[in-house]
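What follows is a single structure, written as structure tokens, with notes after it.
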Amino acid sequence: MVRSTVLYVAPDGLRWAQWVLADEPIILGDLPVAWTVSARSTADGLAEWTAYFTTGVPPEAVADFLLALEARPDPAHGYAGPHVVFESLAERGWVRDIDNPAAFSDPQLAAGMALSLLPEYLQDGNPLCLDPTAEQTGWLAWCEPRIGRGYLWTTGFSASTPHDLVAAFAASLASPDPVLRHTLPGDSEGQLSLRPTV
């Protein structure tokens with residue numbers, strides 16, 4: 001699928017971000033994807049992996065993901081295993097799901113992250129992932145402040161997204177450090193700790 005709005009291509013041509021909300025929407029968790037971020041091995045190659053972000057994803061987590069991507073000399077390939085993501089979440093107080101050891105939730109159960117089967121439309125350039133009959137496993141993250149009332153935001157990382165990049169996103173997402181917000185997300189009452197700014 002060709003997208004119409006490439007907003008940023010790194011000087012080396014190996015990573016880029018696209019605003020895709022204006023195009024035919026990609027739906028993730030009943031929400032339209034706003035941004036995709038991709039990387040490739042060579043400047044003339046196809047994307048090896050893609051990350052998908054709907055509107056509302058905490059901007060700090062997206063920024064930390066992008067900074068980690070920018071710092072990698074080889075943006076297309078990862079060498080760490082999924083344990084780095086699990087460790088990032090556990091170190092920041094997220095809890096493992098009793099029924100699904102590949103899933104973690106924040107202590108209030110408003111947000112989650114899991115290594116799970118991906119929707120088939122989360123594209124990946126890895127030749128092993130192009131088989132339409134093969135089920136692909138990747139990372140999904142979401143915020144659902146009130147169960148059954150819809151997602152506030154969702155994120156998906158295609159199967160070949162390096163785990164260390166996903167871990168950078170997870171560490172930021174699970175960080176207990178306060179963030180500045182002018183407006184609070186819907187359905188967040190009782191889910192957030194608020195501090196006045198000076």
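What follows draws every value from the coordinates through simple rules; no lab data is involved. This structure is a prediction, so every number in the text was calculated from the model and none was measured. When we count neighbours, we look across all protein chains shown, and the Cβ atoms used for this are built from the backbone with ideal geometry, even at glycine.
Convex hull volume of the Cα atoms of the range 22-98, normalised per residue: 147 Å³.
Put a dot 7 Å past each Cα toward the Cβ at residue 91 and residue 30; how far apart are the dots in nm? The two pseudo-label positions are separated by 3.5 nm.
Estimated at 0.36 nm per residue, the fully extended path between residue 46 and residue 60 surpasses their Cα-Cα distance by 2.3 nm.
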